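Everything below concerns the one structure shown next.
Here, each number is a calculation from the coordinates, and none is a lab measurement. Note that the coordinates shown come from a computational prediction; the quantities given were computed from them, not determined experimentally. In this analysis, Cβ positions are derived from the backbone assuming ideal geometry, glycine residues included, and neighbour counts consider all displayed protein chains.
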Amino acid sequence: MKYDYKAIEKKWQDKWEEKKAFRVEVDKSKPKYYALVEFPYPSGAGLHVGHPRSYTAVDIIARKRRMQGYNVLFPMGWDAFGLPTENFAIKNHIHPKIVTKDNVARFTSQLKSFGLSFDWSREIDTTDPNYYKWTQWIFLQLFKHGLAYKKEMAVNWCTSCKVVLANEEVVNGTCERCHSEVIRKVKSQWMLKITEYADRLIDDLETVDYIERVKLAEINWIGRSYGADVDFTTTAGDKLRVYTTRPDTLFGATYMVISPEHPYIEKWADKLTNYNDIIAYREEAAKKSDFERTELVKDKTGVKLEGVTAINPVTNEEIPIFVSDYVLITYGTGAIMAVPAHDTRDFEFAKKFNLPIVEVVAGGNIEEEAFTDVETGVMINSGFLNGLEVKEAKKKITEYLSEKGIGTPKINFKLRDWVFSRQRYWGEPIPLVYCEKCGWQPIPESELTLTLPEVESYEPTDNGESPLANMTDWVNTTCPKCGGAAKRETDTMPQWAGSSWYFLRYCDPKNSDFLASKEALDYWMPVDWYNGGMEHATLHMLYSRFWAKFLYDIKVINCIEPYKKRTSQGMILGEDGEKMSKSRGNVINPDDIINSYGADTLRLYEMFVGDFEKTATWSSQSIKGSKRFLERFDSLSDMLKDKTDLSIEQAFHRTIKKVTLDIEDMKFNTAIAAMMSLMNDIYNAGGLDKHYLEVFTRMLAPFAPHICEEMWERLGHNDFVSFAAFPEYDEELTKVASAEIAVQINGKLKGVITMNVGSSEADVFTVIGKTEKFTAALEGKTIVKKIYIQDKIFNIVVR
RNA sequence: GCGGAUGUGGCGGAAAUGGUAGACGCGUCGGUCUUAGAAGCCGAUUCUCAAUGAGUGCAGGUUCAAUUCCUGUCAUCCGCACCA
């Protein structure tokens with residue numbers, strides 16, 4: 001019988017759909033399991049071969065849980081707002097809604113062809129007004145709780161297209177589309193105060209099970225540092241505040257630096273004799289794009305302030321102040337104390353401007369480079385700190401500064417507030433209204449959804465406003481507070497908005513009264529296992545955790561963390577070992593693979609290709625092995641015999657154990673290898689009985705569901721194997737009777753002997769003594785030592 | 001520069017706690033079947049000068065024993081980018 005994957009896969013996909021096999025409801029009589037994969041952006045290109053890697057892995061988990069009796073929620077949907085769709089719409093004059101609909105149709109049929117056990121009745125779409133009503137609702141709550149505010153911000157501005165660009169659209173400092181210069185332009189933007197949650201976003205990571213690199217990426221991105229704010233008196237008669245993580249090096253602060261945007265430049269304008277030079281420098285710095293700034297990282301520039309100096313509060317020495325763009329206005333206080341001996345950047349700057357370098361921590365060679373180590377150094381040239389280790393010095397100086405009123409302990413973060421406005425059409429309208437009298441006002445919640453109006457053109461306007469700004473009928477409205485004339489916000493939300501809470505909507509996607517019912521949220525949340533790309537470790541993960549924490553605070557959900565467990569798959573590279581891309585022509589289309597090998601083979605191959613978390617290279621040669629394995633499995637029904645050999649029975653129990661444990665560790669590749677080994681053993685034994693073929697079918701079902709359903713039916717069942725019990729193993733039967741013991745002399749392998757499991761050292765040595773090849777090797781040597789590792793190694797050390 | 005990985009046969013990759021390196025798969029070679037071939041099936045397959053040999057990027061070290069631990073070093077990939 002030939003393995004007819006096309007017929008089999010079609011047949012079972014239809015049956016699952018027809019019987020609504022994977023549809024779930026809240027059922028408190030069963031334990032729940034919420035398995036989640038990142039919902040895709042339905043691009044025009046369709047799915048690529050990387051998508052099924054993540055989806056199949058979590059599908060295997062979901063299917064295994066179902067077979068273990070869990071009520072499994074495994075949903076799918078569309079993160080459909082976004083720039084590529086909008087750009088496609090602009091170029092081809094098609095409404096983004098239509099573009100989205102077409103792309104979703106294509107994605108859906110592709111996903112269904114993989115045999116993934118999604119509950120399609122819960123499909124969601126972030127661009128559906130019934131969905132984004134709640135995105136807007138959450139925004140309104142953030143606004144009402146003071147977590148949304150408007151701020152003047154520098155944005156990317158393309159000088160040729162005259163539009164605001166998202167960071168993703170700026171490539172090497174130029175516009176992605178026209179390649180002309182991109183400059184920074186100040187615009188008023190909506191911001192979300194994610195920084196208010198910075199501590200919790202770090203600290204609560206201790207309560208979740210994320211793979212280490214994801215945790216680290218989040219922690220580094222948030223970038224919490226402990227230090228102190230210190231005030232330096234200046235000759236202008238005021239105080240200049242700096243932030244430092246190294247207050248212990250205060251005695252070594254030989255100059256100060258303020259950022260070009262620092263407000264004191266204006267404040268000190270009349271005292272600065274070289275004010276014009278400073279302004280010229282500031283303008284020069286403003287003109288530099290991000291690209292130029294990073295290009296010039298190595299080369300420090302700056303201007304010394306003439307007319308104002310500062311006093312080092314512990315040495316009482318007068319020190320100069322510089323303005324330089326290596327100090328950022330957006331971090332700390334926008335001003336630093338420079339300690340060239342112990343900070344690499346200050347060291348470079350001091351070398352260039354010939355500034356004094358005073359060593360205050362002994363242990364390095366400051367002739368050569370800054371000594372930044374905080375573990376080993378001892379304080380010198382530092383008055384009352386002399387002789388202390390860095391950590392103690394830090395404590396002592398911080399206390400001293402507090403007592404004298406010149407400094408306070410301070411924690412800073414690299415994390416910035418979230419820029420939440422986009423001057424774009426294809427996004428959720430921000431549900432706020434501006435009234436001259438009352439300021440920014442939320443629209444009444446009863447008026448949600450504030451739907452995206454139909455516009456003539458999706459192009460951003462000349463002055464960088466969203467296309468919605470031209471819709472005067474829509475823009476002009478009344479103030480919900482005073483009833484006077486008011487204007488709607490025309491900016492829309494970023495693509496990240498819809499994906500920041502979608503996992504909540506899946507719990508109860510049709511609910512029209514609330515984002516999801518309390519009952520559904522309490523039952524399904526938190527997500528038990530969330531898998532997704534490493535590229536989302538910082539942005540999407542932080543944004544959605546932030547929203548979830550906020551929703552916890554306002555008592556919408558009752559878990560402090562939305563995701564219990566987070567894992568991440570490796571990328572799949574093209575056959576040439578390079579990232580798949582259209583321009584390189586190395587893209588593998590999953591449709592082609594399914595057509596020539598079938599979905600089960602594709603699934604199995606993607607799981608077998610290598611360690612799930614590592615990047616893997618596609619091989620159209622190797623995939624044949626996965627197909628062969630399934631063909632061999634298919635033929636097992638022709639190899640039935642009355643009784644399975646004991647050795648095969650034992651092999652089964654060992655394999656079930658390995659597969660069971662490996663799935664939990666996402667070691668799918670070794671789980672499949674174990675099943676292949678078992679298959680070889682069965683072939684060597686000439687077959688197996690019906691019972692064990694059923695066991696094999698249930699064990700393989702999560703990996704290759706179609707062929708297993710077919711086998712299950714062939715074996716006389718009329719229910720789905722997808723809901724049969726996952727096999728369990730008998731620990732006793734996993735044990736083997738005999739052990740192969742490696743015999744070594746001086747650690748070198750000399751041979752292997754077979755002994756009963758649990759043989760004593762004396763027994764093993766007796767056998768060795770009776771074995772010719774070992775006695776020959778030991779002849780004339782003195783045995784110094786014998787090392788016996790139970791059932792594994794017998795090493796004889798000789799002289 | 002900082003942070004995170006990775007380096008094992010011709011290839012993809014296996015090897016809790018240090019304990020027979022190369023599981024499993026691809027490829028290759030041989031056998032079987034066949035008029036012949038393909039597909040199956042069975043077997044072999046780290047290397048070489050075939051040994052008391054060498055071997056997990058390279059150089060050392062600890063150990064009876066190292067892919068695994070330690071020190072140094074090289075290479076590749078991915079993030080971040082002057083965060084004081």
**OP:** Arrange A:Thr127, A:Thr754 by Cβ neighbour counts within 10 Å, fewest through most, would you?
**Re:** A:Thr754, A:Thr127
**OP:** Give the angle, between 0 and 90 degrees and rounded to the nearest 10, that separates the Cα long axis of helix A:51-67 from the longest principal axis of the Cα atoms of chain A.
**Re:** 60
Original post:
Using only the Cα atoms of the stretch A:508-654, what do you get for the radius of gyration and for Dmax, in Å?
Top reply: 22.3, 64
**OP:** Report the one residue of A:Ile443, A:Ser759, A:Phe353 whose Cα lies farthest in the direction of the positive end of the charge dipole of chain A (charges on C-beta: Lys and Arg +1, Asp and Glu -1; origin at the Cα centre).
**Re:** A:Ser759
**OP:** Calculate, axis by axis, the spread of Cα positions in the stretch A:730-799 along the three principal axes, and write the results as whole Å, longest axis first.
**Re:** 48, 19, 19
Subject >> Given A:Lys187/A:Lys287; A:Lys2/A:Lys64; A:Lys101/A:Lys185, the pairs whose alpha carbons are separated by over 26 Å >> reply: A:Lys2/A:Lys64; A:Lys101/A:Lys185
Original post:
For the charge dipole of the stretch A:649-740, defined by +1 on Lys and Arg C-beta atoms and -1 on Asp and Glu C-beta atoms about the Cα centroid, which residue among A:Cys708, A:Gly686, A:Phe696 has the Cα displaced farthest towards the positive pole?
Top reply: A:Gly686
Subject >> Whole-number percent relative contact order across the stretch A:655-764, with pairs defined as alpha carbons under 8 Å at least 6 apart >> reply: 17
Original post:
Say each of A:Thr670 and A:Asn684 gets a label point 7 Å from the Cα, pointing the same way as Cα to Cβ; how far apart are those two points in nm?
Top reply: 2.1
Subject >> Size of chain A as Cα extents on the principal axes (Å, biggest first) >> reply: 101, 84, 50
Subject >> Rounded FRET efficiency, nearest 0.05, which uses the C-beta distance separating A:Ser457 from A:Arg714 and R0 of 35 Å >> reply: 0.05
Original post:
Please report, for the Cα atoms of the stretch A:434-550, the Rg to one decimal and the Dmax as a whole number; what are they, in angstrom?
Top reply: 18.2, 50
Subject >> Net dipole in debye of the stretch A:674-723 [+1 Lys, Arg Cβ; -1 Asp, Glu Cβ; about Cα centre; nearest 20] >> reply: 80
Original post:
In nm, to one decimal, how far is the modelled label at A:Lys271 from the one at A:Glu206, with both set 7 Å along Cα→Cβ?
Top reply: 4.5
**OP:** Can you put A:Lys582, A:Lys565 in order of Cβ neighbours within 10 angstrom, beginning with the fewest?
**Re:** A:Lys582, A:Lys565
Subject >> Acute angle (nearest 10 degrees) that the helix A:539-553 long axis makes with the longest principal axis of chain A, alpha-carbon atoms >> reply: 80
Subject >> Antiparallel content of DSSP bridges confined to chain A, in %, to 5 >> reply: 75
Original post:
What is the fewest-to-most order of A:Val361, A:Val419 by other Cβ atoms lying within 10 Å of their Cβ?
Top reply: A:Val419, A:Val361
**OP:** Using Cα pairs closer than 8 Å and at least 6 residues apart in sequence, work out the relative contact order for the stretch A:1-141, in percent.
**Re:** 30
**OP:** Please give, to one decimal in nm, the separation of the simple spin-label points placed at A:Glu399 and A:Ala280, each 7 Å out from Cα toward the Cβ.
**Re:** 5.1
**OP:** Evaluate E = 1/(1 + (r/R0)^6) for A:Ser596 and A:Asp102, where r is the Cβ-Cβ distance and R0 equals 35 Å; express this FRET efficiency to the nearest 0.05.
**Re:** 0.85
**OP:** Relative to the longest principal axis of the C-alpha atoms of chain A, give the angle of the C-alpha long axis of helix A:5-18, reported between 0 and 90° and rounded to the nearest 10°.
**Re:** 70
Subject >> Förster-model FRET efficiency, 60 Å R0, A:Lys748 and A:Lys28, C-beta, rounded to 0.05 >> reply: 0.45
Original post:
Can you give me the relative contact order of the stretch A:576-690 as a percent, contacts being Cα pairs under 8 Å and 6 or more apart?
Top reply: 30
